[in-house]
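Only one structure is covered here, and it is reproduced in the block below.
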Amino acid sequence: MSDPVMAADGHSYERTAIERWLATKSTSPLTGGELDHTCIFPNHSLRRMIREWQKAQYTTFVAGLL
């Protein structure tokens, strides 16, 4: 996941995937329930956690090569 966003259902999605979904539907991909709105918002916390995880994985990988 490179660009996490949060939808009205409170779940996080990859931006391009949820935008494609919302272009034709107004329901949650996870619950099937009707969304109150189709606005999406950046999930900065999740993005930061993903970046930290990626850095840790890279560090572990490089350390294994030495």
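Values in this text are rule-based calculations from the coordinates and carry no lab data. All of these numbers come straight from a predicted model, not from anything done at the bench. Glycine also receives a Cβ, built like all others from the backbone with ideal geometry; neighbour counts cover every protein chain displayed.
For the range 15-29, check the following and say yes or no: at least one residue is among the hydrophobic types (A, V, I, L, M, F, W, C), touching a helix residue (DSSP H, G or I) at 6+ places or on another chain (Cβ under 7 Å) and within 21 Å of residue 2 (Cβ to Cβ).
no
Taking the range 26-66 on its own, how many of its residues are charged (D, E, K, R) and surrounded by 11 or more Cβ atoms within 10 Å (Cβ to Cβ)?
So the count comes out to 4.
Just checking, does the range 39-61 include any residue being over 16 Å from residue 1 (Cα atoms) and either touching a Gly at 6+ places or on another chain (Cβ under 9 Å) or outside any helix (DSSP H, G or I) (or both)?
Yes: the range 39-61 contains one or more residues that are over 16 Å from residue 1 (Cα atoms) and either touching a Gly at 6+ places or on another chain (Cβ under 9 Å) or outside any helix (DSSP H, G or I) (or both).
Across the range 1-25, which residue is farthest from the chain's Cα centre (by Cα) among those that are surrounded by 13 or more Cβ atoms within 10 Å (Cβ to Cβ) and assigned to a loop (DSSP other than H, G, I, E, B)?
Of everything passing the filter in the range 1-25, 25 is farthest from the chain's Cα centre (by Cα).
Determine, yes or no, whether residue 30 is in contact with an Asp or Glu (Cβ under 8 Å, 6 or more places away or on another chain) and in contact (Cβ under 8 Å) with a residue 12 or more places away in the chain.
For residue 30, the condition - in contact with an Asp or Glu (Cβ under 8 Å, 6 or more places away or on another chain) and in contact (Cβ under 8 Å) with a residue 12 or more places away in the chain - is met.
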